[in-house]
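Student: Let me give you the structure first, and then I'll get to my questions.
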Amino acid sequence: MNMPDTAKWLEQMRSAVGAKGFTTTGEDMAPWLTDWRGRYTGAAAAMVSPASTEETSAIVRIANENAVAIVPQGGNSGMVGGATPDASGRSIILSLRRVNNIRAIRSDEQLVVCDAGVILQNLHEALAADGQRFPLTLGGKGSATVGGLVSTNAGGTQVLRHGTMRSLVAGIEAVLPDGSIYEGLSALKKDNRGYDLKQLFIGGEGTLGIVTAATLKTVPALVDRCVAWVAVGSTDAAYQLFRFLHARVPQSLEGFEIIPQTCLESVLRHISGTRPPLAGGQPWHVLVEIVRDQPDAPDPKSIMENLLANALERGLIEDATLAASEQQAEDFWKIRESIAEAERANGPALQHDISVPVHGMARFIDEASPVIEAKFPGTKVAAFGHMGDGNVHFHVKAPEGVEAQQWMRESAKQITPLVHDLVIAAGGSISAEHGIGQNKRAELERLSSGARLSMLRAIKMAIDPGNIMNPGKLVPLASGQSGS
Ligand SMILES: Cc1cc2nc3c(=O)[nH]c(=O)nc-3n(C[C@H](O)[C@H](O)[C@H](O)COP(=O)(O)OP(=O)(O)OC[C@H]3O[C@@H](n4cnc5c(N)ncnc54)[C@H](O)[C@@H]3O)c2cc1C
């Protein structure tokens, strides 16, 4: 493509969205060209921000006609470089942040219809005012958008009871790579017209089209909750405690997070205002949340007290304390939510967002950690997170005194593949909730069966034959296919 062509389609895009939704200025685009973790920086010919589904469709049509690659972007809080363009400067960032209306809250049906650019925290607030709740939350909620959450099939800390985005999306509206609009917002309980097409966009990372709106399921707002901090002697004790609680209160157990003593120490060292919930240093801790969202349901505090007293008698736990106030409950959660930040302050670490079957997580942590630490002397593993979902963040910390950048670069080539091999051997997944993006694409290719790869490629090429939708992300195309 020659320069006059580029100038022509840029002008077409500018007039489709107006000056307010269009920029080619480096300064305007700079914050959106680097990912949240600061690992990838790209370049773009323009950042285009449509204000409606129709404008989005017009932009995609122009891009398709001119073979321009589109990188969809919401809050840019993703963890795998999925929203960062490549370095060529030939693609556009298509930002959905201006498409941000909550179209309808239908409390009687427990549904909300909202545009892709609605920020998660704003959605929470709007629903709270209506006595409803969208039961998905995560540390990036002040930036993450509905479109990004859908496209990464995000998880967070309430998956145990409510599932990931896949269970919370009832309908999708999307713009396909040729600019046509897929209208699937209707929340049908029964619909047997073949493949469930919305599922292609959930976790699709913008590789099949642009999500412009979604119908999401809501639940009643919480009446109250009880949060407990529990000390346990081992990962297996944590798992036994999980089984014990889940068997008794499956409908009200909303959080079950495992935290090693080393991570608690990091938080206490680096995060101001944090205090240890319990005296003494047990090797492992568990954050448990039991909730009630119906006024006539049993009181979560009495449930928690009874269950933990019983667990203590059975020798499942060493000690426990219940948050005495909502503020203390927040303080306990702050410890959990600050681990990533505290671990970063501690020094360089390779991070792996992995899952194995729930029953196998305790054993995975116990067996994989010494394998890694023995093979790479001086490293230390810290595994923490959503144990009730079989998902932990498996961090491998660098040996003391190494040069951070160089260690990260070199060890990523050796340590990460070994962690992933161990995950696959345990029947798990190399991406539990963050997605593949550009960060894990090579590993996905290395570790996927031929059947998985050929289905991924066939779907991608059938829906986006020109490979204009987020090329270089998620799908490892075969040579000869138009991958970047
Ligand atoms: C502090 C912190 C904590 C986090 N904790 C969690 C956690 O616990 N669980 C979890 O799952 N994630 C977590 N995340 C990751 C992140 O918040 C989620 O991946 C979120 O879904 C990204 O939303 P976003 O709008 O920022 O998307 P972006 O980062 O902008 O994009 C993410 C991907 O989706 C695509 N995309 C974005 N919008 C659209 C659209 N409208 N249509 C098509 N494709 C689109 C992009 O191209 C990219 O591939 C955390 C992030 C932060 C910063």
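Student: Which residues, taken from the range 80-97, are open to solvent by 20 Å² or more (accessible area, probe 1.4 Å) and away from the ligand (no atom under 11 Å from the Cβ)?
Tutor: Matches in the range 80-97: ASP86, ALA87, SER88, GLY89, ARG90.
Student: Can you tell me which residue among ILE459, ILE415 is open to solvent by 60 Å² or more (accessible area, probe 1.4 Å), part of a helix (DSSP H, G or I) and of a type outside the set (D, E, K, R)?
Tutor: ILE459
Student: Cβ-Cβ below 8 Å, separation at least six or inter-chain, first residue in the range 423-445 and within 20 Å of GLY360 (Cβ to Cβ), second among the basic types (Lys, Arg) and surrounded by fewer than 20 Cβ atoms within 10 Å (Cβ to Cβ): which pairs?
Tutor: Within 8 Å, the pairs are ALA426/ARG363.
Rundown of residues vs (1) more than 14 Å from the ligand (Cβ to nearest atom); (2) over 17 Å from LEU200 (Cα atoms); (3) in a loop (DSSP other than H, G, I, E, B), yes/no style:
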| position | (1), (2), (3) |
| --- | --- |
| PRO370 | yes, yes, no |
| VAL381 | yes, yes, no |
| PHE384 | no, yes, no |
| LEU422 | yes, yes, no |
| ASN439 | no, yes, yes |
| ARG452 | yes, no, no |
| VAL475 | no, no, yes |
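Student: Oh, and also: Mind checking whether some residue in the range 288-304 is open to solvent by less than 10 Å² (accessible area, probe 1.4 Å) and over 12 Å from ARG225 (Cα atoms)?
Tutor: Checked against the condition, which is being open to solvent by less than 10 Å² (accessible area, probe 1.4 Å) and over 12 Å from ARG225 (Cα atoms), the range 288-304 yields no hits at all.
Student: A further question on this structure: Please enumerate the residues belonging to the range 323-347 that are within 11 Å of the ligand (Cβ to nearest atom), open to solvent by 60 Å² or more (accessible area, probe 1.4 Å) and closer than 17 Å to VAL286 by Cβ.
Tutor: Passing the criteria: only GLU337.
Student: What are the residues in the range 33-79 that are surrounded by fewer than 23 Cβ atoms within 10 Å (Cβ to Cβ), more than 25 Å from the chain's Cα centre (by Cα) and not small (Gly, Ala, Ser), if any?
Tutor: Correct list: GLU54, GLU55, ARG61, ILE62, ASN64, GLU65, ASN66.
Student: Further question on the same structure: Does any residue in the range 191-219 that is over 23 Å from ILE468 (Cβ atoms) and hydrophobic (A, V, I, L, M, F, W, C) come within less than 8 Å, Cβ to Cβ, of a residue that is more than 16 Å from the ligand (Cβ to nearest atom) and open to solvent by 30 Å² or more (accessible area, probe 1.4 Å) six or more places away or on a different chain, and which pairs are these?
Tutor: Hits for this filter: VAL219/GLN110; VAL219/ARG133.
Student: Further question on the same structure: Only one of these conditions is not met by GLU173: (1) within 12 Å of the ligand (Cβ to nearest atom); (2) within 21 Å of the chain's Cα centre (by Cα); (3) assigned to a loop (DSSP other than H, G, I, E, B). Which number is it?
Tutor: GLU173 satisfies every listed condition except (3).
Student: For ALA30, work out the one condition from (1) part of a strand (DSSP E or B); (2) open to solvent by 30 Å² or more (accessible area, probe 1.4 Å); (3) among the aliphatic types (A, V, I, L, M) it doesn't fulfil.
Tutor: (1) is the only condition that ALA30 fails.
Student: So, ILE119, is that one more than 9 Å from the ligand (Cβ to nearest atom), surrounded by fewer than 24 Cβ atoms within 10 Å (Cβ to Cβ) and of a type in the set (Val, Ile, Thr) or not?
Tutor: no
Student: Another question about this same structure. Considering only the range 265-287, state which residues are assigned to a helix (DSSP H, G or I), of a type outside the set (Ser, Thr, Tyr) and either crowded, with 18+ Cβ neighbours inside 10 Å or touching a strand residue (DSSP E or B) at 6+ places or on another chain (Cβ under 8 Å) (or both).
Tutor: Our first condition is that a residue be assigned to a helix (DSSP H, G or I); within the range 265-287, this holds for 265-270.
So of that shortlist, the ones also of a type outside the set (Ser, Thr, Tyr) come out as 265, 267-270.
Result: VAL267, single match.
Student: Here's something else I'd like to know. Quickly run through the range 427-450 and pick out the residues that are of a type in the set (A, V, I, L, M) and open to solvent by 40 Å² or more (accessible area, probe 1.4 Å).
Tutor: ALA442, LEU447
Student: Filter the strands (runs of 3 or more DSSP E) completely within the range 62-114 down to those with at least 1 residues that are without any contact (Cβ under 8 Å) to a residue 40 or more places away in the chain and in contact with an Asp or Glu (Cβ under 8 Å, 6 or more places away or on another chain).
Tutor: 102-106
Student: Sticking with this one: Keeping to the range 220-264, report how many residues are in a helix (DSSP H, G or I) and either of a type in the set (D, E, K, R) or touching a residue at least 60 places away in the same chain (Cβ under 8 Å) (or both). Show your work before the answer.
Tutor: To start, the set of residues in the range 220-264 that are in a helix (DSSP H, G or I) comprises 235-248, 261-264.
Add one more test, that the residue is either of a type in the set (D, E, K, R) or touching a residue at least 60 places away in the same chain (Cβ under 8 Å) (or both), and what stays is 235-246, 248, 262-264.
Adding up the residues that qualify gives 16.
Student: What are the residues in the range 331-373 that are at pLDDT 95 or above, among the acidic types (Asp, Glu) and closer than 16 Å to VAL267 by Cβ, if any?
Tutor: Answer for the range 331-373, where residues must be at pLDDT 95 or above, among the acidic types (Asp, Glu) and closer than 16 Å to VAL267 by Cβ: just ASP331.
Student: Right, VAL402: surrounded by 23 or more Cβ atoms within 10 Å (Cβ to Cβ), closer than 18 Å to GLY347 by Cα and more than 16 Å from the ligand (Cβ to nearest atom) or not?
Tutor: In short, no.
Student: Another question, if that's okay. So, in the range 133-170, of the ones that are in contact with a His (Cβ under 8 Å, 6 or more places away or on another chain), more than 7 Å from the ligand (Cβ to nearest atom) and outside any helix (DSSP H, G or I), which residue ends up farthest from GLY203 (Cα to Cα)?
Tutor: ARG133
The values are calculated or read from the model by the stated rules, or taken from the named source; none is laboratory data. Being a predicted model, the structure only gives us computed values, none of them experimental. When we count neighbours, we look across all protein chains shown, and the Cβ atoms used for this are built from the backbone with ideal geometry, even at glycine. Calculation scope for accessible area: heavy atoms of the full protein, side chains included, ligands and nucleic acids excluded. Shrake-Rupley method; radii C 1.70, N 1.55, O 1.52, S 1.80 Å.
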